[in-house]
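Chemist: The structure under discussion is supplied below as structure tokens; questions concerning it will follow.
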Amino acid sequence: MLFRFLNATRILEPVRGAIDSLFAAVQTRVELLAIELQEEKLRLVELLLLAVAVGVFGILFLLVFTFVIVLTWWEHRVVIAWVLLMLYGAFFVGFLIALKKKIAEGSFFLDGTLSEIRKDRAWLKGD
């Protein structure tokens, strides 16, 4: 009876090893996913803070710049105002196009995790 029990546990050892390997691989992928989510969150917060800072200081710069230009050429203030309006409009359109292009470009969100899962699937298929 003891002999049968010992043989049965020896038979189950490879199965236990395979299950342990499977859980280790899943744990590694989940850890990688968590790290990538954390990095993406930090990147988005950084981008948001930079965008807000650029927006605030950009608006302040444009206000002071417009005020100084109009005061400098007071006699031609209407012409100067139209020229500045066209210039600001051109910059607005340019930045809007760049923003749309950047959004369409997207990011490679979870690229590391997805590539590791693809490699795992290829290995399981025997490719």
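Taken together, the values in this text are just the output of simple stated rules run on the coordinates, not laboratory data. Values in this document were obtained by computation on a predicted structure and should not be read as measured data. Glycine gets a Cβ as well: all are built from the backbone with ideal geometry, and neighbour counts include every protein chain shown.
Chemist: Suppose we filter Ala90, Ala51, Ala81, Ala25 for residues that are within 15 Å of the chain's Cα centre (by Cα), surrounded by 10 or more Cβ atoms within 10 Å (Cβ to Cβ) and in a helix (DSSP H, G or I); which single one remains? Don't jump to the end; show me each part of the working.
Modeler: Working: Ala90 fails: within 15 Å of the chain's Cα centre (by Cα); Ala81 fails: within 15 Å of the chain's Cα centre (by Cα); Ala25 fails: within 15 Å of the chain's Cα centre (by Cα).
Residue meeting the stated conditions: Ala51.
Chemist: Follow-up question, since we're still on this one. Residues in the range 54-78 that are within 33 Å of the chain's Cα centre (by Cα) and in contact (Cβ under 8 Å) with a residue 12 or more places away in the chain: how many? Give the steps one after another, and end with the answer.
Modeler: First pass over the range 54-78, keeping only residues within 33 Å of the chain's Cα centre (by Cα): 54-63.
Right, trim to in contact (Cβ under 8 Å) with a residue 12 or more places away in the chain and you get 62.
Number of matching residues: 1.
Chemist: Taking the range 25-72, which residues are touching a helix residue (DSSP H, G or I) at 6+ places or on another chain (Cβ under 7 Å) and charged (D, E, K, R)?
Modeler: Arg29, Glu36
Chemist: Let me ask you something else. What single numbered condition from (1) among the β-branched types (Val, Ile, Thr); (2) in contact with a helix residue (DSSP H, G or I) (Cβ under 9 Å, 6 or more places away or on another chain); (3) farther than 30 Å from Gln38 by Cα fails to hold for Val79?
Modeler: Looking at each condition in turn, Val79 falls short on (2).
Chemist: If the requirement is being charged (D, E, K, R) and farther than 30 Å from Ile103 by Cα, which of these qualifies: Glu40, Glu36, Glu13? Write out each step before concluding.
Modeler: Values: Glu40 fails: farther than 30 Å from Ile103 by Cα; Glu36 fails: farther than 30 Å from Ile103 by Cα.
Unique residue meeting the criteria: Glu13.
Chemist: In addition: Checking the conditions here, which among Ile103, Ile97 is surrounded by fewer than 10 Cβ atoms within 10 Å (Cβ to Cβ) and either β-branched (Val, Ile, Thr) or not in a helix (DSSP H, G or I) (or both)?
Modeler: Details: Ile97 fails: surrounded by fewer than 10 Cβ atoms within 10 Å (Cβ to Cβ).
After applying the criteria, what remains is Ile103.
Chemist: Out of Leu71, Leu62, which single residue is in a helix (DSSP H, G or I), farther than 30 Å from Ser21 by Cβ and touching a Lys or Arg at 6+ places or on another chain (Cβ under 9 Å)? Don't jump to the end; show me each part of the working.
Modeler: Working: Leu62 fails: touching a Lys or Arg at 6+ places or on another chain (Cβ under 9 Å).
Just one listed residue meets the conditions, Leu71.
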